[in-house]
Amino acid sequence: MKKICIDARMLHSAGIGTYLKEIISNLKSSPFKIFLIVTKDLLEKEKDFLNGFEIIILNSRIYSIKEQIFLPFKIPKCDIFFSPHFNIPIFKIKAEKRLVTIHDAFHLAFFSKLSFFEKIYAKFIINLAIKKSDKIITVSKFSKDEIIKYTNADPNKIFVIYNAVNTKIFSRTDDQERILEVINKYNLTNSYFLFVGNLKPHKNLMNLLKAFDVFIRDYPDIDLAIVGKNKNLINSFDVQKVLKNNKKLQSRIKLIDFAANEDLPVIYQQALALVFPSFYEGFGYPPLEAMAVNCPVIASNIASIKEICDDSVYYIDPYDYMSISGAMKKILNNKILKNDLIKKGSERIKLYTLKNFIKKHFELFESL
């Protein structure tokens, strides 16, 4: 039996966590013997999910020196070591082959915005991940082009596998009792626009707040729900600091640090629209998650989002907060536009099936 070891320590990390969960859950019935490297805390929280796998505990923090010291010793003798992020072990390991997923080239594209340590770490590790890995997965053609642009990567080593949305989880519900339960749980009792994602600067929360500040001058009874965490994030955007001096805005913002997976589809479903104003994305799960439950999407007119979403979202200029505010007004007042986006979104989501996502990963495992 072929053995695969996966570094699963980022199981609770936004997009990478979603990516990992879908792969790992489908490996339970695979022909491979699977080793998962997790933290002790993850093992306690995800005991049922991790049941059936060979578990290896490593508590070293991601991007740390300790990680690089101890990770190579934790990896058993196996056929493939799979890193779902570019924080690969830099020293020799006992795996025959290496596979890495590089979701985007953000750290290279926004190199000037990084701290001195981040610059050294990111440039060195990303280039080493490309050099040491036998094959590289990325999540869009845009990301593949960016990786090639900023590194010396061989294009033939890079395989584009689009992410997928689990429509068993992300589906509409007509259960009014369930809807009311979620709405009350997160205090979403008014009509609201929605943002979902981590609170890193490139997610463009500053311009979203400026746009919403303009918007509520005309629509003072509508809220903005921000679902995302900044805990343990380097250089995260401090929403509270902005709200501190704006009481009116503060009263209309609903900050949700954590939403349970089973609640998120309802939160999307009940929103007026998802607003996704990122400056940079490799793929972007939230627009597709919104489409899966018939929530219209307002999104940045950046290359990766255009590749993934095509004409199924209403595009805005992320650098112009008036563009964002104007889009929110249009969605609110134009039912024909809103219904058209919902219809196009429900068709677009069919391209990103879990079946195809898993199939392509398994084929890559087999080829190695």
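Compared with the dominant Cα axis of the chain, that is its longest principal axis, helix 205-218 is turned about 20°. Partner lysines whose Cα lies under 17 Å from the Cα of residue 168, excluding those fewer than 8 positions away in the same chain, are identified as 21, 350, 355. Using θ = phi - 60° in the Karplus curve 6.51 cos²θ - 1.76 cosθ + 1.60, the 3J(HN,Hα) couplings for the range 5-19 round to 10, 10, 7, 10, 5, 9, 4, 9, 9, 5, x, 5, x, 4, 4 Hz; x is entered for Gly and Pro.
Derived scalar couplings between HN and Hα for the range 28-41 equal 4, 10, 8, x, 9, 8, 10, 9, 10, 8, 9, 7, 4, 4 Hz in order, rounded to whole Hz, by the Karplus curve 6.51 cos²θ - 1.76 cosθ + 1.60 (θ = phi - 60°), x for Gly and Pro.
How far apart, in nanometres, would the label points at residue 79 and residue 355 be if each is projected 7 angstrom from Cα along the Cα-to-Cβ direction? So the label points at residue 79 and residue 355 sit 2.5 nm apart.
Close amide H partners of residue 192, meaning residues 5 or more places away or on another chain with modelled amide H under 5 Å apart, are 223, 272. Sorting 96, 54, 181 on solvent-accessible area from highest to lowest, probe radius 1.4 Å, gives 96, 181, 54.
Distance between the 7 Å Cα→Cβ label points at residue 156 and residue 70: 4.0 nm. In summary, the lysines within cross-link reach of residue 74, defined as a Cα separation below 19 angstrom excluding same-chain residues under 8 places away, comprise 2, 3, 33, 40, 66, 92, 94, 97, 132. When the inverse distances between all different Cα atoms of the range 37-101 are averaged and flipped, the Kirkwood radius reads 12.6 angstrom.
The alpha carbons of the range 80-230 stretch over 56, 37, 25 Å along the principal axes, in descending order.
Applying a DSSP loop filter and a limit of 12 other Cβ atoms within 10 Å to the chymotrypsin sites (Phe, Trp or Tyr not before Pro) in the range 162-205 leaves nothing. Computed over the alpha-carbon pairs of the chain, the distance histogram in 20 Å steps reads 28, 58, 14, 0 percent, short to long.
With protein chains left intact and a 1.4 Å probe, residues in the chain average 47 Å² of accessible area per residue. Ranking 344, 40, 21, 113 from most to least accessible surface, computed with a 1.4 Å probe over the protein chains only, gives 113, 40, 344, 21. Among 307, 44, 118, the largest mean-square fluctuation in a Gaussian network model of the chain, built with springs joining Cα atoms closer than 10 Å, belongs to 44.
The values are calculated or read from the model by the stated rules, or taken from the named source; none is laboratory data. On a predicted model such as this, the values are computed, not experimentally measured, just so you know. Neighbour counts run over all protein chains shown; Cβ positions are idealised from the backbone, glycine included. The area values use the complete protein model at the heavy-atom level, side chains included, leaving out ligands, DNA and RNA. Shrake-Rupley method; radii C 1.70, N 1.55, O 1.52, S 1.80 Å.
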